[in-house]
Amino acid sequence: MRVLHVYKTYLPDTMTGVTQVIHTLAKHGPAHGIENTVFCLSKTPTVGRVAFENHEIRSAPVTLDVASTPLSWSGRPAFVEEVERADLVHYHFPWPVMDFYHLISARNKPSVVTYHSDVVKQRVIGAAYRYLRVPFLNSMDAIVATSPNYVASSAVLRPRRDDVTVIPIGIDPPPAELDAALLVKWRTRLPEPFFLFVGAFRYYKGLPYLLLAARQSGLNVVLAGEDADREALNDVPSNVRVVGRVSDAEKWCLLSLCHAFVLPSHLRSEAFGVSLLEAAFSAKPMISCEIGTGTTFVNINGETGFAVPPADPTALAEAMNRLLGDPSMAQACGQNARRRAQTHFTASAMAERYAALYRDAIAAKKAKRFRS
């Protein structure tokens, strides 16, 4: 089975939650007889289809970027070519360009969409976008959400809830043995104990509130990730270390060394929180915000950590102090988090469920054509 994944960007250009999901599905696809190709846009596109690990990437050049939506004048011909090769197209929402491509060029191809997030920031554009979004979603053979929480809280998905399949995001566990030299490096550089944030420094991540919480509590905080929004890091207190982008190996070392993990995202743009899964597999207690998304599907308040009100630095500081002041509770939350991750959020389970969904979607499309 040939599956074409479609999203606005991909590795190695960016490492977002959505691109991680696509990469994980591509990595595990061959075990289910699936050959994967990813179609995306890139500011440094390659010519034609290129091999990337165990799958392929077909990129088209970015011509213009409007409201976080990359456009490409030459993207559609490349998309059409890849659609013709595929048995099924797997779209990753949102990216309005792909809706347009699909509706004019790929309606007859079996297709599924993973609805990762509502359009949150671009409200004016989002209101107009519904005239494209509605026929796009109506044409899908299957719609997937990543958590029941998001289905319940999304104005778009809630009316369709009977037609939505929930497949939680899954990841591979950390390596059995961490890099000893890297562990020594970070242990000697960072204060103990510390609270860790890992992720891109974006507007919805709530980092200004975490900085205020660090200032209020005086606790050590380490921020690791891509500096996409420097304004989010104005006036950093002395007890906060900004270590920047780290490798996967370094990330797992930081997770091993931290006391707890904090994801202060305060807006629904944080639709799931893959970094929470990484903390859970590392048996770390978590602090996140209750924003009606998958973050509270991963982090259960009082069981795997704390879910606090969004944009509330005092609540963040109180949760951090509670986890630091009660080591036995913190350890219990971390163990609960790991058990939950191993039960609900493995990459192998996610890949298996998508493989079954693909087969069902192809069969449904064939049956529909036969009836017509």
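The values are calculated or read from the model by the stated rules, or taken from the named source; none is laboratory data. Just so you know, these numbers come straight off a predicted model, no measurement behind them. All Cβ positions, even for glycine, are placed from backbone atoms using ideal geometry, and neighbour counts span all protein chains on display. What goes into the accessible areas is simple: the full protein's heavy atoms, side chains included, and nothing from ligands, DNA or RNA. Shrake-Rupley method; radii C 1.70, N 1.55, O 1.52, S 1.80 Å.
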Here the convex hull volume per residue of region 1-49, taken over Cα atoms and given in Å³, is 70
One point scatterer per Cα, no solvent, Debye formula: log10 I(q)/I(0) for region 141-238 at q = 0.20 Å⁻¹ comes out as -1.03
Listed by chain and number, the residues whose amide H is under 5 Å from that of Ala60, excluding neighbours fewer than 5 places away on the same chain and using placed H, are Cys40, Leu41, Ser42
Treating only Lys and Arg (+1) and Asp and Glu (-1) as charged, each at its beta carbon, one finds that the chain has a dipole about its Cα centre, in Debye to the nearest 20, of 920
Taking 0.36 nm per residue of separation between Ser105 and Ala364 and subtracting their Cα-Cα distance, the length gained on full extension comes to 91.3 nm
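If Lys109, Lys121 are ordered by their accessible area, calculated over protein heavy atoms with a 1.4 Å probe, which sequence runs from highest to lowest?
Lys121, Lys109
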The chain accessible area per residue, 1.4 Å probe, protein heavy atoms, integer Å², reads 43
Cα-based Rg then Dmax for region 40-171, in Å, read 15.3, 42
Violations at 28 Å Cα threshold for listed pairs Lys109/Lys251; Lys205/Lys365; Lys8/Lys365; Lys27/Lys121 -> Lys109/Lys251; Lys205/Lys365; Lys27/Lys121
Here the equivalent ellipsoid of region 264-372, derived from its Cα gyration tensor, has semi-axes (largest first, whole Å) of 37, 17, 8
Placing one equal point scatterer on each C-alpha of the chain and summing with Debye, one gets log10 I(q)/I(0) at q = 0.07, 0.10, 0.13 Å⁻¹ equal to -0.31, -0.64, -1.07
Mean-square fluctuation maximum in Gaussian network of the chain, Cα pairs under 10 Å, restricted to Thr346, Thr63, Thr295, hits Thr63
Expected max-MSF residue from Gly273, Gly199, Gly302 in the GNM of the chain (alpha carbon, under 10 Å) is Gly302
Whole-percent carbon and sulfur contribution to the accessible surface of the chain (1.4 Å, no ligands, DNA or RNA) stands at 52
Between the alpha carbon centres of region 264-331 and region 49-83 the gap in Å comes to 36
For region 130-246, the dipole about the Cα centre with charges only on Cβ (Lys and Arg +1, Asp and Glu -1), to the nearest 20 debye, works out at 320
Rounded to the nearest 10 Å², the accessible area of Asp65 using a 1.4 Å probe with every protein chain kept is 90
Expected max-MSF residue from Glu177, Glu35, Glu303 in the GNM of the chain (alpha carbon, under 10 Å) is Glu177
